[in-house]
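Scroll down for the structure; my scribbles are underneath it.
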Amino acid sequence: MKTTLTVPARKKRRLQYRHISHCTFAVSDGSALLLIDPFFSGRFFWAGNTERHLDRPQLRLAAVRSCDAVLVSHEHGDHYDPAALWMLLGQTNAIIHAPRIVIDDARKRGLDVRRFREVRPLRPWRVGTMKITPFPSAGSEKVKPVDRVGFLIESGGRRLYHQGDSHSFSPTWLAFRGKVDALIMWPHRVSEVVSAIQPRTVVFHHLDRFRPGNFHCNRDAKLELRYWGHYHPRTRFVVPKRNVWCAV
Ligand SMILES: [Zn+2]
């Protein structure tokens, strides 16, 4: 069956997320559709190598015909995929929200930057009935303009945070300490983040297989779940199935 992506049915107005692959997620509360860090090109340049994505998404980008907003967390090639953004600009009405460093690069590549909006830390906006607030990644609090962010998405009393690739937590995240239902993060400095932010559920991303894999990837999902579940028994750890809407 062909995999498609559309706004899901409203589940009691619950916020939902859907894992596409690697760091790419769709988020919706039934009112609009967000795509976070859409990575579809299957390769990116990193540390002197071209990294090849072996666990490619089942969802084809050409099948995404409607999307209200795209959120880009930072400029690394597995999160900022200019070819994917080019296609999304052409086939959807999406507005792209990103740090200025990403927008500057997109301009050089000839993308239509009139459809881009620069993110500013702690300055929220709405898409449908979802409120989106960017927070700096750890170490980016004093960088101006901010270069790396994550996104807090709120709707119907539920909160989800996609941290991009943050190397630990930023003190600014303490604003949602104990109030976040699902924290999407890579399995890196997990104890620090979980102890400080106290999410109800941790959703792991960034586990996919890449070759040569000279960055944070190629992780054994079962091992990560067992390990972190052992140290933090009160937190629920999840490696989401792909292409399934999950209520937050
Ligand atoms: Zn990454």
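The values are calculated or read from the model by the stated rules, or taken from the named source; none is laboratory data. This one's a predicted model, so the numbers in the text were calculated from it and none came from an experiment. With ideal geometry, Cβ positions are generated from the backbone for all residues, glycine too; neighbour counts draw on all protein chains shown.
Side notes on the structure shown:
- If the condition is being more than 27 Å from Ala138 (Cβ to Cβ) and in contact with a Gly (Cβ under 8 Å, 6 or more places away or on another chain), then segment 44-74 contributes Arg52, Arg56, Asp68.
- Any hit, segment 102-113, residues being buried (at least 22 other Cβ atoms within 10 Å of the Cβ), not in a loop (DSSP other than H, G, I, E, B) and not hydrophobic (A, V, I, L, M, F, W, C): no
- Options Arg65, Arg10, Arg60, Arg18: the member that is touching a Leu at 6+ places or on another chain (Cβ under 8 Å), more than 16 Å from the ligand (Cβ to nearest atom) and of a type in the set (Lys, Arg): Arg18
- Residues of segment 192-219 classified as within 13 Å of the ligand (Cβ to nearest atom), of a type in the set (A, V, I, L, M) and more than 19 Å from Val238 (Cβ to Cβ), total: 0
- Test: residue in segment 159-179 that is touching a Ser or Thr at 6+ places or on another chain (Cβ under 7 Å), more than 16 Å from the ligand (Cβ to nearest atom) and not aromatic (Phe, Trp, Tyr): yes
- Qualifying position, being more than 25 Å from Leu207 (Cα to Cα), of a type in the set (Asp, Glu) and surrounded by 21 or more Cβ atoms within 10 Å (Cβ to Cβ), among Glu141, Glu118, Glu154: Glu154
- Count - residues of segment 68-101 that are within 16 Å of the ligand (Cβ to nearest atom) and over 15 Å from the mean Cα position of the chain (by Cα): 2
- Filtering segment 136-162 to residues that are in contact (Cβ under 8 Å) with a residue 40 or more places away in the chain and within 15 Å of Val72 (Cα to Cα) leaves Ser137, Pro145, Val146, Asp147, Arg148, Val149, Gly150, Phe151, Ile153, His162.
- The single condition among (1) in contact with a His (Cβ under 8 Å, 6 or more places away or on another chain); (2) surrounded by fewer than 21 Cβ atoms within 10 Å (Cβ to Cβ); (3) not small (Gly, Ala, Ser) that Arg123 does not satisfy is (1).
- Residue check, Lys222 under 29 Å from Lys142 (Cβ atoms) and either more than 13 Å from the ligand (Cβ to nearest atom) or surrounded by fewer than 16 Cβ atoms within 10 Å (Cβ to Cβ) (or both): no
- Residue within segment 177-187 that is free of Cβ contacts under 8 Å to residues at least 60 places away in the same chain and over 29 Å from Ser31 (Cβ atoms) present: yes
- So Ala32, is it surrounded by fewer than 20 Cβ atoms within 10 Å (Cβ to Cβ) and either modelled with pLDDT of 95 or more or under 19 Å from Val238 (Cβ atoms) (or both): yes
- In segment 37-54, the residues that are on the phi > 0 side of the Ramachandran plot form Cβ pairs under 7 Å with partners that are β-branched (Val, Ile, Thr), at six or more places apart or across chains, as follows: Asp37/Thr24; Asp37/Val72.
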